[in-house]
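Asker: Input: one structure, supplied below.
Nothing in this text is a laboratory measurement; each read-out follows from the coordinates by a stated rule. This is a predicted model, so every value here is computed, not measured. In this analysis, Cβ positions are derived from the backbone assuming ideal geometry, glycine residues included, and neighbour counts consider all displayed protein chains.
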Amino acid sequence: MGSINPSHPKKFNTELTDYSVSHNEKSGPYAENLEVDALVVGAGFAGIFMLKTLRERGYKTVIFEAGNDTGGTWRWNCYPGAGVDSEVPEYEFSWPEVWNTWDWTSNYPNYQDLRAYFDHVDKVIGVKKDCAFNTVVVGAAFDTASGKWTVRTEDGRITKAKYLILGTGFAARRYIPDWPGMDKFKGVIHHSSFWPDQEVDVKNKRCAVIGTGASGVQIVQAWGPMAGEVKVFQRTPNLAIPMRRRQVDPSERERHRALYPELFKLRETSFAGFHYDWSEKNTSDDTPEEQEAFFEQLWEDGGFRYWVAGYKDLLYVPEANKRSYDFWAKKTRNRIGDPRKRDLLAPEKGPHYFGIKRPCLEYNYYEQFNRPSVDVVDIKSNPIKEFTETGITLADGTHHEFDVIAVATGFDVVTGVMTQLGLESIHKTKLQEEWTAGAQTYLGTSVSGYPNMFHIYGPHGPTLLSNGPSTVEIQGRWIADMVDKMQRQHIKYVDPKPEAAAEWKKYLVELNDKTLFPTTRSTYMGGSVPGKAYEPVCYCGGVPAYKTKIREALDSMQDFEVVAN
């Protein structure tokens, strides 16, 4: 993915700055002293939504993208088996000029499909002419006198903008544990999200997959049938659920297309931004037989239905949650032949409550372990000690030899995206340091001390508890309407009041404390990066309630310091 900066000679890429290059082009979005109304960081769903929306409202807007093309996650994530876990048409832009002229062939696109989709979006609306690629933001500060941001990129360019909009999502900072000896390994090694575009040959090779999050599950499904050997290093089992991926024929696409306008409205009315929602019932409202039938239906329908279309007390009541886990374990254990593997991959007693970590979607993950060539290695009880020239050594001295290693250890999730940008507040403090003890935002769209800076699908929004494009469009419209309001009322800048940010955090924590989320370390509680604050990083009240909250705040403006021109 991307061009590699020759000044970073490393065995494998670990930082966004590894993709920065010096540009010969000095005009348009690559100009050295660029001045714009709005600078958007990131060319995925969030960044492109903001570019089109602001551009159509008359604002000069450009995107800075660290990668070499549009698509955000889907340019970076080209590891074997990479694909999305939300169905289409939920997972796409709601713009008629785009969806009217595009056909999906499957209900769950893979990364190649999504790259083609973003190329189509560019053809229809013209994204790339306003994008600077291989452009990595490394510093930004706001001047209250001029009411403008000064943004610095790794290659030394300076840009000024009234509005700084971070369309950086939740997963732009990768997490690679600091295992000793990683640079000694003489085989092929890559982090899943810095995977090269060129295919990595695994035929007859000894392969390791470290991590069992979404990328780990997908790599195992891709490599299981191809590799000579696959060993999956697992700390916590993934409570994955069936995807039910299928091909979509042209007649079905045409029938659905007539419903698209209503479907795009519908996705903003459900808890997680999908076309389905929680049952009206609690688990105990049904008999055990009725529960079993209901679980069976959700399981057959597939996707996240077994997660966020189940009984409405799933995330709140331990006994209700246990019923859901027990059904999952029964279904999953039946798919795994070897008793040792079965107990590691789908233990009878849950490693944590079901659904308080975002489940992965799979189609034959568990069946891969029925192959003699695919094994699971428990690194919770016997952690990785070091890498050697030939493989991986565990704490007890066991050594595993490999030709290819996939480091599928995920991200400094949600908050790490923003703390890596060198953002400086008007109080001369750095966001990276401010958030060491925990993230602070107002509404999950703004940060006190950072005027005219807005973020999308990041900290304190519905983010990982929602379908991406649903939340992106809700937050994106809010930001664009805020910009319009400021222009109409001749406002130089708005800055959320510190007490408003503190209240928003308090509200988030109170919502979260009513659920089972605080009972385990997960992406919803800050992720697994050592030393990171253990706290809720996502709004768990659901998409409709969130939408109402942020709109009320925009109407009143009472929680912002408003400074006129």
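Asker: Dipole size in debye (nearest 20) for the chain around its Cα centre, Lys and Arg Cβ +1, Asp and Glu Cβ -1?
Answerer: Values: 67 positive and 75 negative charges, 126 e Å.
So the magnitude is around 600 debye.
Asker: Let me ask you something else. Amide H to amide H under 5 Å from residue 138: which residues, 5+ apart in sequence or cross-chain, H placed 1.01 Å off N in plane?
Answerer: Correct list: 152, 153, 154.
Asker: Please give every one of the lysines within straight-line cross-link reach of residue 497, meaning a C-alpha to C-alpha distance under 21 Å, and leave out same-chain neighbours fewer than 8 residues apart.
Answerer: Partners found: 148, 162, 428, 430, 485, 505, 506, 547, 549.
Asker: By how many degrees, 0 to 90 and rounded to 10, does the Cα axis of helix 288-301 deviate from the longest principal axis of the chain?
Answerer: On a 0 to 90 degree scale, this one is about 70.
Asker: The stretch 179-197 to the stretch 528-565: how many Å between their Cα centroids?
Answerer: So the two Cα centres are separated by 37 Å.
Asker: Between residue 489 and residue 150, what FRET efficiency follows from the Cβ-Cβ distance if R0 is 30 Å, with the result rounded to 0.05?
Answerer: 0.80
Asker: Oh, and also: For residue 563 and residue 398, compute 0.36 nm times the residue count separating them, minus their Cα-Cα distance, and round to one decimal in nm.
Answerer: Full extension from residue 563 to residue 398 adds 53.1 nm.
Asker: If you scale each eigenvalue of the Cα gyration tensor by 5 and take the root, what three semi-axes come out for the stretch 235-290, rounded to whole angstrom and sorted largest first?
Answerer: Values: eigenvalues 165, 75, 39 Å².
They are 29, 19, 14 Å, listed from largest to smallest.
Asker: While we're here: If I model a spin label as a point 7 Å beyond the Cα along the Cα-Cβ vector, how far apart are those points for residue 183 and residue 257 in nm?
Answerer: Inter-label distance under the simple model: 5.4 nm.
Asker: What does a probe at residue 35 reach in the stretch 118-146, counting residues whose amide N is under 16 Å from the point 7 Å along Cα→Cβ?
Answerer: 143-146
Asker: Figure the gain on full extension for residue 548 and residue 497 (residue separation times 0.36 nm, minus the Cα-Cα span) and round it to one decimal in nm.
Answerer: Fully extending the segment from residue 548 to residue 497 adds 16.4 nm.
Asker: By DSSP, what percent of the beta bridges with both residues in the chain are antiparallel, rounded to the nearest 5?
Answerer: If I count the DSSP bridges inside the chain, around 40 percent turn out antiparallel.
Asker: To test your reading of the geometry: what angle, between 0 and 90 degrees and rounded to tens, separates the Cα axis of helix 45-56 from the longest principal axis of the chain?
Answerer: For helix 45-56, the angle is close to 20 degrees.
Asker: So, one more: Check which residues have an amide H placed less than 5 Å from residue 131's amide H, if you skip close sequence neighbours.
Answerer: 63
Asker: At residue 386 and residue 120, where each label point lies 7 Å from the Cα along Cα→Cβ, what is the point-to-point distance in nanometres?
Answerer: Placing both labels 7 Å beyond Cα along the Cβ direction yields 5.2 nm.
Asker: What label, among (i) 1.04; (ii) 1.19; (iii) 0.96, belongs to Cα Rg over 2.2 N^0.38 Å computed from the structure on display?
Answerer: Calculated Cα Rg over 2.2 N^0.38 Å: the matching label is (iii).
Asker: Residue 521 versus residue 322, label points 7 Å from Cα toward the beta carbon: distance in nm?
Answerer: Placing both labels 7 Å along Cα→Cβ, they lie 2.6 nm apart.
Asker: Moving on. Loop only per DSSP, at most 16 neighbouring Cβ atoms within 10 Å: give me the trypsin sites (Lys or Arg not before Pro) in the stretch 154-223, ordered by residue number.
Answerer: 186
Asker: Taking loop as defined by DSSP and a crowding limit of 14 other beta carbons within 10 Å, which trypsin sites (Lys or Arg not before Pro) in the stretch 308-406 fit?
Answerer: For trypsin sites (Lys or Arg not before Pro) across the stretch 308-406 that sit outside H, G, I, E and B with at most 14 neighbouring Cβ atoms in 10 Å, the list reads 349, 380.
Asker: To the nearest 10 degrees, how steep is helix 543-556 against the longest Cα principal axis of the chain, on a 0 to 90 scale?
Answerer: 10
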